[in-house]
1. Sort out which residues of region 300-351 are more than 30 Å from D667 (Cα to Cα), without any contact (Cβ under 8 Å) to a residue 60 or more places away in the chain and not charged (D, E, K, R), and write them in order of number.
2. Can you tell me which residue in region 716-726 is modelled with the lowest pLDDT, limited to those that are under 17 Å from V338 (Cβ atoms) and open to solvent by 20 Å² or more (accessible area, probe 1.4 Å)?
3. Among the listed residues R635, R670, which satisfies the condition of being surrounded by 19 or more Cβ atoms within 10 Å (Cβ to Cβ) and modelled with pLDDT under 95?
4. Which residues, counting only those in region 617-634, are touching a helix residue (DSSP H, G or I) at 6+ places or on another chain (Cβ under 6 Å) and assigned to a strand (DSSP E or B)?
5. What do you reckon, is E545 open to solvent by 20 Å² or more (accessible area, probe 1.4 Å), closer than 25 Å to I470 by Cβ and touching a helix residue (DSSP H, G or I) at 6+ places or on another chain (Cβ under 9 Å)?
6. Return the total of residues in region 469-495 being at pLDDT 95 or above and in a strand (DSSP E or B).
7. When you scan region 699-715, do you find a residue that is in contact (Cβ under 8 Å) with a residue 40 or more places away in the chain and open to solvent by 60 Å² or more (accessible area, probe 1.4 Å), even just one?
8. Can you confirm whether V471 is farther than 17 Å from Q410 by Cα, open to solvent by 10 Å² or more (accessible area, probe 1.4 Å), touching a Lys or Arg at 6+ places or on another chain (Cβ under 9 Å) and of a type in the set (V, I, T)?
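The values are calculated or read from the model by the stated rules, or taken from the named source; none is laboratory data. All values reported here derive from a predicted model rather than from experimental measurement. Cβ sites come from the backbone with ideal geometry, for glycine too, and all protein chains shown count toward neighbours. Accessible surface areas use protein heavy atoms only, side chains included; no ligands, DNA or RNA. Shrake-Rupley method; radii C 1.70, N 1.55, O 1.52, S 1.80 Å.
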Amino acid sequence: MNIHIKESITRSSALSRRSLLKGGAGLVIGAYLARGGKAFAQGAPAATSVNITPNTFLVIAPDNTVTVLCKHIEFGQGPFTGMATLVAEELDADWSQMRADHAPSNPVLYKNLLFGVQGTGGSSAIANSYEQMRKVGAAAREMLVAAAASEWNVPASEITVENGVIKHPSGKQSGFGAFVEKANQLPVPADPKLKDPSQFKLIGKEGVVKRLDSAAKSNGSAEYTLDIHEPDMLTVVVARSPRFGGTVASFDATAAKAVPGVVDIKQVPTGVAVYARGFWPAKTARDLLKITWDDSKAEKRGTAQLLTEFRDLAKTPGKTVKQEGDFEAAMARGGRVVEAEFVFPYLAHAAMEPLNGFIKWDGETASARYGSQFPTPDHATIAKILDLPMEKVSLKTILAGGSFGRRAQQTVHVAAELAEVAKAIGPGKSVKLVWTREDDMRGGYYRPFSVHRMRGVVRDGKIEAWSDTIVGQSIMKGSPFEAMTFKDGMDSTAYEGSNEIPYDVANFKCDLHQVDVGVPVLWWRSVGHTHTGYAVEAFVDELLEAAGKDPVEGRLELMGKKPRHAGVLRAVAELSDWKNAKLDPGRARGVAVVESFNTFVAQVVELSMTEEGPKVHKVWCAVDCGIAVNPDIIRAQMEGGIGFGLGHILYADVTMEDGRVTTGNFDNYRSLRINEMPEIHVTVVQSSEKPTGVGEPGVPPIGPAVANAMAKLGQTRPRQLPIVPGASA
């Protein structure tokens with residue numbers, strides 16, 4: 001199996017875009033689906049608003065290999081395998097013949113049907129491709145069968161396809177490759193017949209489909225941007241202002257230019273760029289630059305000052321997001337009042353691979369290669385800065401070492417900086433832009449800092465009222481996504497999950513203070529749910545405790561209108577044996593359930609307390625993501641989300657003093673260590689609903705589940721994260 005996968009990656013990388021379009025290279029299926037439409041057309045679409053290089057989703061080569069061009073970036077979440085599974089299922093291919101590669105930048109053919117542009121995010125890869133990619137496979141199958149029927153002079157209805165072999169009862173049989181040339185001359189079926197789910201052999205099956213990208217990543221043959229080395233290539237690092245909003249007033253590069261290997265030093269819009277023959281001379285020279293920064297427009301507040309300001313605001317009503325019943329009247333009627341304040345710090349994405357990019361510009365054309373999460377805006381930005389038409393710029397997406405949202409920037413700042421450093425040194429140079437870990441950690445684009453002030457009242461064993469006042473910074477303000485995500489002048493990602501709680505509370509309100517801070521922020525894995533999930537699930541647990549209710553039974557009593565929330569909660573309670581479990585002394589359990597991106601996840605945590613903080617021993621997780629295309633990948637994403645979320649709620653925060661970020665690397669931005677990873681059990685709830693994503697929803701429940709377990713041990717539910725402050729200092 002390892003040999004097969006290595007060959008698949010090698011072959012995929014060797015495929016040129018032009019060769020894919022040659023009839024002799026194999027069957028090329030062009031299946032462009034407009035949003036909500038069903039039209040298929042062979043090759044490129046007839047007319048587009050953008051000049052693009054035509055390409056397709058699927059190539060079947062004469063050697064029977066099937067290459068799926070994936071419109072979503074593969075950075076560990078599994079779309080290579082997911083897209084190939086959908087195609088192979090309908091094509092009736094054998095898994096051993098499946099390959100995957102990234103699709104080129106093409107906003108018409110490869111757009112995300114949720115966003116309208118080519119991009120990966122919002123845990124949308126499988127959700128927006130499920131029917132589209134199945135139709136690609138089904139169309140190819142019908143074309144191959146028609147070609148075989150014509151060649152064999154038999155009715156197409158008598159032909160079957162199984163495990164990549166086309167068969168006729170007469171004994172004739174062949175692989176796909178023998179018919180690719182003839183099939184490629186046929187029109188693409190407009191509405192190919194899809195399988196009934198009862199016929200699935202790959203979708204939803206455990207252990208049948210192996211990841212296409214694992215072997216190359218394990219044996220080192222996979223290529224990332226830092227692996228790119230071309231003749232005469234220059235490595236570039238940029239010195240940026242230590243304060244957000246600061247600009248270059250002047251600089252002295254005398255000492256930096258004397259470093260052997262340094263080729264040039266240029267001022268660019270984001271700072272001062274050092275060009276060198278290798279990373280080390282570039283980094284060494286950057287450290288020798290003497291730069292005077294203009295901080296007249298820079299953010300100079302520290303996180304302690306911001307916390308004071310946010311807390312003061314939280315004591316006043318914000319702009320109403322949602323209101324039902326009469327909260328104030330319900331509070332006035334009396335009962336047990338519960339109040340809680342939750343503080344969430346700035347968080348870095350801290351992906352294993354920092355930001356980077358490669359570009360070659362000759363003055364008339366440009367070609368870029370890197371892990372682009374949103375190729376359409378990246379492509380357009382590079383073209384605009386280099387003053388080139390779109391068709392003169394190519395952007396090849398390659399593997400990336402994680403992201404968690406970091407590579408999908410609404411400001412497109414990395415693509416812009418890549419083009420700017422190429423432009424500054426002039427045409428005819430190949431440049432590789434490298435951000436160090438410290439550059440990335442101190443460069444902003446964090447999970448926003450936020451405060452929740454919660455109030456509620458319990459009377460006669462029932463939660464009568466609930467309010468949540470949120471203070472936070474907008475991610476979307478001023479971005480191309482503002483119109484899509486703003487409602488009544490407020491960024492909906494700041495309160496998602498807080499305005500639509502899964503619990504039936506008669507008197508409810510949610511309001512928001514949307515504040516401006518000069519710290520660049522960005523969606524972080526699970527976006528708003530990362531803090532709203534914690535606030536809601538810790539608070540409901542406290543209210544249920546005041547009401548004398550069991551955390552699971554009490555939640556279920558309030559979930560009458562939310563059957564899928566209740567479904568995963570029951571599933572995780574059964575998986576963990578919630579009612580009957582006998583715990584070791586000093587251990588306790590907590591539970592939480594959060595919906596994000598239309599996926600429902602419930603988790604139970606078992607922990608004990610140590611001098612260093614909570615020790616999480618076990619986690620049980622139930623997930624309902626609709627039809628489970630690849631159960632093994634779903635399980636892996638839940639496990640990864642739990643580890644990622646647990647490390648951040650226990651240890652991580654980005655702090656600032658006088659506007660300068662004090663966090664710089666993993667020595668003071670603590671992650672979960674391998675010996676701290678808990679034992680995890682995951683169950684995937686069977687469902688006939690449309691599939692939804694799993695890249696982000698595993699994160700939100702782990703924090704409140706830990707907090708609620710700590711409360712069971714007599715601890716105060718953590719009000720300010722991280723739970724273990726100063727763990728990395």
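1. Initially, region 300-351 is screened for residues more than 30 Å from D667 (Cα to Cα), giving 312-340.
Retained after the next criterion (residues that are without any contact (Cβ under 8 Å) to a residue 60 or more places away in the chain): 312, 328, 332.
Residue satisfying the conditions is A332 alone.
2. T716
3. Result: R670 is the single residue among R635, R670 that is surrounded by 19 or more Cβ atoms within 10 Å (Cβ to Cβ) and modelled with pLDDT under 95.
4. The answer is V619, W620, C621, A622, V623, D624.
5. yes
6. 7
7. Going through region 699-715, the residues in contact (Cβ under 8 Å) with a residue 40 or more places away in the chain turn out to be 699-713, 715.
Of the ones still in play, those that are also open to solvent by 60 Å² or more (accessible area, probe 1.4 Å) are 712, 715.
For region 699-715, residues in contact (Cβ under 8 Å) with a residue 40 or more places away in the chain and open to solvent by 60 Å² or more (accessible area, probe 1.4 Å): present.
8. Against the criterion (farther than 17 Å from Q410 by Cα, open to solvent by 10 Å² or more (accessible area, probe 1.4 Å), touching a Lys or Arg at 6+ places or on another chain (Cβ under 9 Å) and of a type in the set (V, I, T)), V471 does not qualify.
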